[in-house]
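*Asks:* Provided herewith is a single structure, encoded as structure tokens, for subsequent inquiry.
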Amino acid sequence: MSSPRWRDDGWQPVARIGVIVPHADVGPESEIGAMLPRGVGLHAARMHFAAMRAGGLMDPTIPHGPVRSFTDPPFADQAAEMLAAAPIDAIGCGFTSSAYKLGADGEAAFIERVEEYTRGIPLASTCASAVIALRALGARKLALVNPPWFDSELDALGQKYFVDQGFEVVHHAPCGLPSSQARITPQGLFSWIGDHVMPSRPDAVFIAGNGMRAVGTIDALEDTHGIPVLAANQVLLWRTLRMAKAPVHVTGYGRLFKVTA
């Protein structure tokens, strides 16, 4: 009698990471899922975000009130508590715009508050993860590419966030692509960054916004321009994998994943 043959049942043996996302945003799960190495599972919790409508649609620029209130208690706390009830190893928060509004100190206070509900499971945030990644890569002169639905005020807050963390921001702007998640393509983003960002001669580029389609351009931009390129969901995955102490390797999504610091 032959031995039983088991099929993969999705019970990932290496690590499981969680991510908290706006209710109508598929970007973080899609991009993180594309980058995930074998043996790592992804599990999401959703929070209502008043600036998003059905189908993931948003206004041409997102209003600031919902961006700021998105991290207010008790909603993020409850989402983290429910996600942390599962057997996972680390949690990431996909809230770039809210971190811009909070600033680095406010973002750190948010993480400290929400970690009280995670049963000791570590929590990562996007912008703080980007700062850690940029420092690990030795970058000083930063080009910041924001989503087209960030207005000039939110873009300026992004610049201030990174300047306050010691970086020289040599370029910052909402990218000049259609203000629609579904209409941003790797080809369009690649071309826009090459034409409008690279002339500023940065040490690194950070493509912000967890809802903006970006990770498919990373390798092509690095190969073409010779500098590190980071993206919101890429840095969040990099940080959560390290928090989870997952012995895995991610290939094809930038030189960041070669950094072990």
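Taken together, the values in this text are just the output of simple stated rules run on the coordinates, not laboratory data. Just so you know, these numbers come straight off a predicted model, no measurement behind them. With ideal geometry, Cβ positions are generated from the backbone for all residues, glycine too; neighbour counts draw on all protein chains shown.
*Asks:* Need one number: % antiparallel among DSSP beta bridges in the chain, to the nearest 5.
*Replies:* 5 percent
*Asks:* Next question, about the same structure. Specify the angular offset, from 0 to 90 degrees and rounded to the nearest 10, of the alpha carbon long axis of helix 186-196 from the longest principal axis of the alpha carbons in the chain.
*Replies:* Roughly 30 degrees between the two axes.
*Asks:* Output the 0 to 90 degree angle, nearest 10, between the alpha-carbon long axis of helix 126-136 and the longest principal axis computed from the alpha carbons of the chain.
*Replies:* Helix 126-136 and the main axis of the chain meet at about 80 degrees.
*Asks:* Right, here's the next one. Tell me the GluC sites (Glu not before Pro) within the range 6-102 that lie in a loop according to DSSP and have at most 12 other beta-carbon atoms within 10 Å.
*Replies:* Here no loop site has a sparse enough neighbourhood.
*Asks:* Suppose each label sits 7 Å from its Cα in the direction of the beta carbon; what would the E168-R201 distance come out to in nanometres?
*Replies:* Distance between the two pseudo-spin positions: 0.9 nm.
*Asks:* While we're here: Given 0.36 nm per residue, what is the gain on full extension from Q187 to V14 after removing their alpha carbon distance, in nm?
*Replies:* 58.9 nm
*Asks:* If I model a spin label at R68 and A86 as a point 7 Å from the Cα along the Cα→Cβ vector, what separation in nanometres do I get?
*Replies:* In this crude spin-label approximation the distance works out to 3.3 nm.
*Asks:* Which of the peptides 135-142, 240-247 is most tightly packed, and how do the rest follow, going by the mean number of other Cβ atoms within 10 Å of each residue?
*Replies:* Ranked from most to least packed, the peptides come out as 240-247, 135-142.
*Asks:* How many lysine pairs are close in the chain, with Cα atoms under 29 Å apart and the two 8 or more places apart or on different chains?
*Replies:* Qualifying lysine pairs in the chain: 6.
*Asks:* Taking H as built 1.01 Å from N, whose amide H comes closer than 5 Å to the amide H of L230, not counting residues under 5 places away?
*Replies:* Placed amide hydrogens put V205, F206, I207 under 5 Å from L230.
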